[in-house]
1. Take the conditions of a type outside the set (Phe, Trp, Tyr), in contact with a strand residue (DSSP E or B) (Cβ under 6 Å, 6 or more places away or on another chain) and modelled with pLDDT of 95 or more and apply them to GLU58. Does it pass?
2. Would you point out which residue out of GLU76, GLU35, GLU58 is open to solvent by 40 Å² or more (accessible area, probe 1.4 Å), acidic (Asp, Glu), closer than 18 Å to ILE160 by Cα and in contact (Cβ under 8 Å) with a residue 24 or more places away in the chain?
3. When the stretch 40-55 is examined, which residues are found to be open to solvent by 40 Å² or more (accessible area, probe 1.4 Å) and of a type outside the set (Val, Ile, Thr)?
4. Can you say whether ALA109 is crowded, with 19+ Cβ neighbours inside 10 Å and farther than 26 Å from SER28 by Cβ, as far as the supplied structure shows?
5. Can you pull out every residue in the stretch 92-105 that is open to solvent by 10 Å² or more (accessible area, probe 1.4 Å) and either of a type in the set (D, E, K, R) or under 16 Å from THR166 (Cβ atoms) (or both)?
6. Which one of the conditions (1) more than 21 Å from THR159 (Cα to Cα); (2) outside any helix (DSSP H, G or I); (3) in contact (Cβ under 8 Å) with a residue 24 or more places away in the chain does ASP25 fail to meet, given that it meets all the rest?
7. Restricting attention to the stretch 112-145, which residues are open to solvent by 40 Å² or more (accessible area, probe 1.4 Å) and either more than 29 Å from ILE74 (Cβ to Cβ) or without any contact (Cβ under 8 Å) to a residue 24 or more places away in the chain (or both)?
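The values are calculated or read from the model by the stated rules, or taken from the named source; none is laboratory data. Small disclaimer: the values here were computed from a predicted structure and weren't measured. Every residue, glycine as well, gets a Cβ built from its backbone with ideal geometry; the counts of neighbours run over all protein chains shown. Remember, those area values only see protein heavy atoms, side chains included, never the ligands or the DNA or RNA. Shrake-Rupley method; radii C 1.70, N 1.55, O 1.52, S 1.80 Å.
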Amino acid sequence: GGWTLRETSERFVEYALDVHDALGDRVSVWTTLNEPWCSSFLSYTAGVHAPGHYSAAEGILAAHHLLLGHGRVIQELRSRDQSLNLGLTLNLTVADPATPGVAADADAARRIDGQFNRWFLDPVMRGCYPTDIVHDFRAVDADAVARWEEAVQPGDLETISVPIDTLGVNYYHGEYVGGSAPLVP
């Protein structure tokens, strides 16, 4: 089940603490995850990375459990050593409408920003998931959102949003997105 299972977030904590035990005397800056968007949506929804699945439900479950693992690791490492610099690295993008002023293109940009950026930033920085994207996901697959809502337990968002010291940003490119007609060069 991998990251679709809550248990994996606990195994991740064990792994991170083992790594800290082995390297903690030499490393003071830690990022819990690198690009959880890839480990969740590209892996469990788009089938691009292992395990190569095509499931909306699995993607949003994996994203939640990755973030939960992140928060738990931050809590555990902070309890061991308050001098550590702890954070998370996200791959973020800028989504611009292909045609400014076209409502469908603006909505496409909002959706890309929400699923790519805010799905990870909002829980970490604000302690909540973006409601507009939850609504968008529900419109595509209501059963997937229902499974995710059942998986988000009381206290999860407080754990995910424990303060971090560092936010790593991997920025590769922006996006021009359209929701109306195909782009013509």
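1. On the way: of a type outside the set (Phe, Trp, Tyr): yes; in contact with a strand residue (DSSP E or B) (Cβ under 6 Å, 6 or more places away or on another chain): no; modelled with pLDDT of 95 or more: yes.
So GLU58 fails the test.
2. Working: GLU35 fails: open to solvent by 40 Å² or more (accessible area, probe 1.4 Å); GLU58 fails: closer than 18 Å to ILE160 by Cα.
None of the other options fit; the residue is GLU76.
3. Within the stretch 40-55, the first condition is being open to solvent by 40 Å² or more (accessible area, probe 1.4 Å), and the residues that meet it are 45-46, 48-51, 53-54.
ALA46, HIS49, ALA50, PRO51, HIS53, TYR54, listed by residue number.
4. Numbers: crowded, with 19+ Cβ neighbours inside 10 Å: yes; farther than 26 Å from SER28 by Cβ: yes.
Here the answer is yes, as ALA109 does meet what is asked.
5. Within the stretch 92-105, LEU92, ASP96 meet the criteria.
6. The number of the failed condition is (3).
7. ASP113, ARG118, THR131, ASP132, HIS135, ARG138, ALA139, VAL140, ASP141, ALA142, ASP143
The rows are residues; the columns are (1) assigned to a helix (DSSP H, G or I); (2) farther than 19 Å from TYR172 by Cβ; (3) touching a His at 6+ places or on another chain (Cβ under 7 Å); (4) of a type in the set (Ser, Thr, Tyr).
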site	(1), (2), (3), (4)
SER9	yes, yes, yes, yes
VAL19	yes, yes, no, no
TRP30	no, yes, no, no
SER40	yes, no, no, yes
HIS65	yes, yes, no, no
LEU68	yes, yes, no, no
THR89	no, no, no, yes
ALA106	yes, yes, no, no
